[in-house]
Amino acid sequence: MLDQEKVNNPSIYENTIPSGFSGGFFVYNALGKQEIFFADPNVIQLFECTDIADLRQLTGNSFRGMVYPEDLDQVESNILAQTFESGKRHDYVRYRIRTKNGNIRYIEDFGHLLHGENGQAMFYVYIADVKQEEFFNRSQNSYAETQVFSMNKRIDPLTGLLKVTAFYSEDQEILLNQLADEGETTQILIFDILGLRRINHLKGRDAGNACIVSLVENVREHLPKTVHLFRGDEAEIMAVCTNCEEDEIIGCAEAVVKASGETVLYGIGSTRISIYEGNNTGIKRTMKHAIEEAEYALQVKKMLCVDSERSHALVSLVRALEETDSDTEQHVQRTRRMGELLGKRIGLTDSQLTQLRLLCLLHDIGKISVPLEILNKPGKLSKSEWTVLREHAEKGYQIALSTEELKPIARLILCHHERWDGKGYPSGITREAIPILSRIISVVDSYDAMVNDRSYRKALPVETAKKEIRDNAGTQFDPYLAMEFLAMLKENPELAEGEKTNAADVRTFRTTAQDSLLAGNTKPILYTAYVLDIDDVIIETDDYFETMTGYSREEAVGKLNQYELIPETDIAQYRQQVNAQFEKGDVAYLFHRIRCKDGTVKQVVCHGERYYDSSVKALRSDILVFEI
């Protein structure tokens, strides 16, 4: 109870702390062990202690010891997010305490972060004992609490981090962009846990949440203390690292990956433009562009990871390409090894290296639309056949544009047969106008083709292939890349040798793809080809149409409309996509679903080409469909 004499005579309070209140004031170190420097009598009384020494013994002389153990992680995360990570000095949190006598009390905590002249950071804190029902009441009881709750809407309750949406608030973005404008390079680092949905499904959401919390702890431990952390969608954690170089951040990111129990991937973006990005050297990008770069790098790494759900469509495309060329898998692995090593040698960024890995897989994807008799022809191609083969760069470009995740590498695919002197195809562009990754593929792809057996010739000797690269530096190839590539082969002679095969033993698509159904250790790629008339009625099918759709040739030819193969719920979207692509040209590439005769639904990738058949004087469409 309050002393009535002191109430009636306020001067008694002069230079003293009033006692008898259900709230008090204390000070603790904001860093390290968070030692308690001071606690007034009311705080000591709240904990049912006799003096400051008694309180320090009860709490281990630490703010952490004042908080009920089950509340501690949430409280520390909220305080960190509201002060250090948000650039503010005030925090408001609620937590429970256990008194010396074992009683539970409910506390409201208003803190103020101050820094001394020596740089020491301390929290000056007022706490109040409130009723249990008020403690759990989420309504705003004051202007300060309203402001704090407004802040808490921007805080992720699981990790205590600011939500990534808070980054895009005006004050935060202006603050961080200002740091970049002052000459500091900012790196954006985004982490994600692979297979979080599977963890939630098999082990429960608590297990998934534990993985996210563990990831945040590892990020805080291994990244510089000056980074700003944000919680994104699912398990994504974004770190904004100011005044940092990429090499430093990659080292930190790899330490996080190594320390994490689950499979963790990361993507990096930067406000500094790479020296290989056209003529923009030295120009800085906005934070938004850096985030987009990091997000796409992370997305590509997921696509390249076989354990990721995002890899399925990519795997299907690569399998389809493998069926057109027996050497695709080995060729991809060889070009990827050489391309990645060359990219690191010349100083590509992590984001560029990630795109290069994807480009090594898909630079020849347009070949799935080239007739097999041309691709596997043992002799020299005719002029018309060569014209058809050269179209694969443009076809690959169109395939990439039809898939959202591949759009950023579409132009790289288009340009991978351009030449330094402008005599390449399809556009005839020259020198630095050709993207750096396309120039790398040009060198690596050409060398690998020379030192390995092809359907039309045996492999060339290694020294002959090297001489070809050297002689064509400055004409076909970027001279700098050609010289660096040859130096790389000299330092890594194991990469110079090709993998010899019998040039006669080349698989052909038509004769082996369906036969692989009988193989117990392979997963076949199902496909079918058919022809449509102007009304989209099927007028011709191959031998595999029934295997793919369930409809026999007799049931399909002249009777079955293309749209009868599309699930009813998909028809409107399918029609819109087809029309949109045919408005741009005579070729369409789509990922969509088909409905089989028995009602089952399959996911497919479809290549369609519309043309005028002069023999019947009518429009026709050749359709090639692969199951994915």
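Bridgeable lysines around LYS559 (alpha carbons under 24 Å apart, same-chain partners fewer than 8 residues away excluded): LYS597, LYS602, LYS617. Is the C-alpha gyration tensor of region 525-628 telling us rounded, prolate or oblate? Criteria: a/c under 1.5 is rounded; beyond that, a/b larger than b/c is prolate, otherwise oblate. Oblate, since a/c reaches 1.5 and b/c is not below a/b. Heavy atoms of the protein chains alone define the surface here; on that basis region 33-133 has 49 Å² accessible area per residue at 1.4 Å probe size. Packing around the peptides 422-430, 40-48, taken as the average count of other Cβ atoms within 10 Å per residue, puts them in this order, highest first: 40-48, 422-430. In terms of the Cα gyration tensor, with a ≥ b ≥ c the square roots of its eigenvalues, is region 336-491 rounded because a/c is under 1.5, prolate because a/b exceeds b/c, or oblate? Taking the square roots of the gyration eigenvalues as a ≥ b ≥ c, region 336-491 is oblate. Highest mean first, the peptides 188-197, 107-116 sorted by other C-beta atoms within 10 Å per residue fall in the order 188-197, 107-116.
Solvent-accessible surface of region 407-447, averaged per residue with a 1.4 angstrom probe and all protein chains in place: 35 square angstrom.
Can you pick out the pairs among LYS344/LYS407; LYS377/LYS423; LYS33/LYS131; LYS301/LYS344; LYS395/LYS458; LYS367/LYS407 whose Cα atoms lie more than 20 Å from each other? In this structure, LYS344/LYS407; LYS377/LYS423; LYS33/LYS131; LYS395/LYS458 lie more than 20 Å apart at Cα.
Under 20 Å from a point placed 7 Å out from the Cα of ARG198 along the Cα-to-Cβ direction: which residues of region 252-270 have their backbone N that close? Residues 257-267 qualify, since their backbone N sits under 20 Å from the label point. Peptides 553-562, 610-619, 571-580 ranked from most to least packed, by the mean per-residue count of other Cβ atoms within 10 Å: 553-562, 571-580, 610-619.
Considering only protein heavy atoms and a 1.4 Å probe, what is the carbon-and-sulfur percentage of the accessible area of region 200-252? With neighbouring chains kept in place, the figure for region 200-252 is 47 percent. Using 1/(1 + (r/R0)^6) with R0 = 51 angstrom and r between the beta carbons of PHE37 and VAL306, what's the FRET efficiency to the nearest 0.05? Between PHE37 and VAL306 the formula returns 0.40.
The values are calculated or read from the model by the stated rules, or taken from the named source; none is laboratory data. Since we're looking at a predicted model, the values are computed, not measured. Note: ideal-geometry Cβ built from the backbone for every residue, glycine included; neighbour counts use all protein chains shown. Protein only, heavy atoms only, side chains kept; ligands, DNA and RNA dropped before computing areas. Shrake-Rupley method; radii C 1.70, N 1.55, O 1.52, S 1.80 Å.
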